[in-house]
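The values are calculated or read from the model by the stated rules, or taken from the named source; none is laboratory data. Here the structure is a predicted model, which means the values were calculated and not measured. For neighbour counting, all protein chains shown are included, and Cβ atoms are generated from backbone atoms with ideal geometry for every residue, glycine included. Side chains included, ligands, DNA and RNA excluded: accessible areas come from the protein's heavy atoms. Shrake-Rupley method; radii C 1.70, N 1.55, O 1.52, S 1.80 Å.
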Amino acid sequence: MVHIVGAGCGAADLITLRGARLLGEADQVIYAGSLVNPELLELARPGAVLHDSASLTLEEVVALAEEGERRGWSTVRLHTGDPCLYGAIREQMDALAARGIPFDVTPGVSSFCGAAAAIPAEYTLPGVSQSLIITRAAGRTPVPEGESLSSLAAHGASMVLFLSAGLLAKAQKELLAGGAYTPDTPAAIVYKATWPEERVFPCTVGTLEAAARQAGVSRTALVLVGDFLGKDYRRSDLYNPGFSHGCREGDGNRREELP
């Protein structure tokens, strides 16, 4: 059995309870190199076989899983964050299925969640944005037609860019070309969210490239963009004393705003 496990966004104690249990029971762990906090490998049981997949191809990873299955082993494929985001797991799942190897997926805490916690911020604010766009800038790997940063930026929604810290000159131009963000729209570069080395660099859309250059950041960082990083928003109705819902009867004459 192969367990594809999300390791979380950096801090070792942000792996899920299920993920930690599977890791501790595994006979073999194939982990995503420098992207996985090495402290997590200490959860593996003594004698477990550990493989760093940083230099491996898909075929080599699958061959290790296949050999583990032949031996009757439990294999953990340890990915960063949540495997469903930029984890390249679809091709692994298809290859395992084609070989008749059973597998399952254990979700993890994505780095976009860790980045928000680092600031701290909330992506969805009443009167500001109720949508979050998760995407990346086009680099050596292109993005599908219709998903350019400029077209997505036209929505003005909260946005998180993965795999883009080294492409900010181009990304900055495309974000502004969308028309909804201005050079003064708040932004932030979050380096290694939840890791001990975590650093947050507040900036604006118009200063993204300069902020990254000054900070010396070109990888292992997320870029957050949108007015959710500003100070203005409307209080949520959920906890407003004047708002009724299924668990509470509100006083319609008493709607308050926090100072």
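If a residue has to be on the phi > 0 side of the Ramachandran plot and in contact (Cβ under 8 Å) with a residue 12 or more places away in the chain to count, how many in region 103-154 make the cut?
Filtering region 103-154 down to residues on the phi > 0 side of the Ramachandran plot leaves 127, 146.
Subset that is in contact (Cβ under 8 Å) with a residue 12 or more places away in the chain: 127.
Final tally of qualifying residues: 1.
Which residue, of ARG45, ARG77, is over 18 Å from TRP195 (Cα atoms) and buried (at least 18 other Cβ atoms within 10 Å of the Cβ)? Walk me through how you get there before you give the answer.
On the way: ARG45 fails: buried (at least 18 other Cβ atoms within 10 Å of the Cβ).
Result of the check over ARG45, ARG77: ARG77.
Could you tell me which of the residues ALA11, ALA32, ALA63 is within 29 Å of ARG219 (Cβ to Cβ), crowded, with 17+ Cβ neighbours inside 10 Å and at pLDDT 95 or above? I'd like the intermediate steps shown before the answer.
Working: ALA32 fails: at pLDDT 95 or above; ALA63 fails: crowded, with 17+ Cβ neighbours inside 10 Å.
Testing whether each residue is within 29 Å of ARG219 (Cβ to Cβ), crowded, with 17+ Cβ neighbours inside 10 Å and at pLDDT 95 or above leaves just ALA11.
Every residue, every condition in (1) of a type in the set (A, V, I, L, M, F, W, C); (2) under 24 Å from GLU25 (Cα atoms); (3) under 20 Å from the mean Cα position of the chain (by Cα); (4) open to solvent by 30 Å² or more (accessible area, probe 1.4 Å), yes or no:
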{"residue": "GLU91", "(1), (2), (3), (4)": "no, no, yes, yes"}
{"residue": "ALA115", "(1), (2), (3), (4)": "yes, no, yes, no"}
{"residue": "ILE134", "(1), (2), (3), (4)": "yes, no, yes, yes"}
{"residue": "LEU163", "(1), (2), (3), (4)": "yes, no, yes, yes"}
{"residue": "LEU168", "(1), (2), (3), (4)": "yes, no, yes, no"}
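Identify all residues within region 191-218 that are closer than 15 Å to LEU167 by Cβ, open to solvent by 30 Å² or more (accessible area, probe 1.4 Å) and under 18 Å from the mean Cα position of the chain (by Cα); write none if there are none.
SER218
Would it be correct to say that SER129 is in contact with a helix residue (DSSP H, G or I) (Cβ under 6 Å, 6 or more places away or on another chain) and surrounded by fewer than 19 Cβ atoms within 10 Å (Cβ to Cβ)? Before you say what the answer is, go through the steps one by one.
On the way: in contact with a helix residue (DSSP H, G or I) (Cβ under 6 Å, 6 or more places away or on another chain): yes; surrounded by fewer than 19 Cβ atoms within 10 Å (Cβ to Cβ): no.
Criteria not met by SER129.
May I ask you to list the residues in region 170-190 that are within 19 Å of TYR123 (Cβ to Cβ) and crowded, with 22+ Cβ neighbours inside 10 Å?
Once the filter is applied, which keeps residues that are within 19 Å of TYR123 (Cβ to Cβ) and crowded, with 22+ Cβ neighbours inside 10 Å, region 170-190 yields ALA171, LEU175, TYR181, ALA187, ALA188, ILE189, VAL190.
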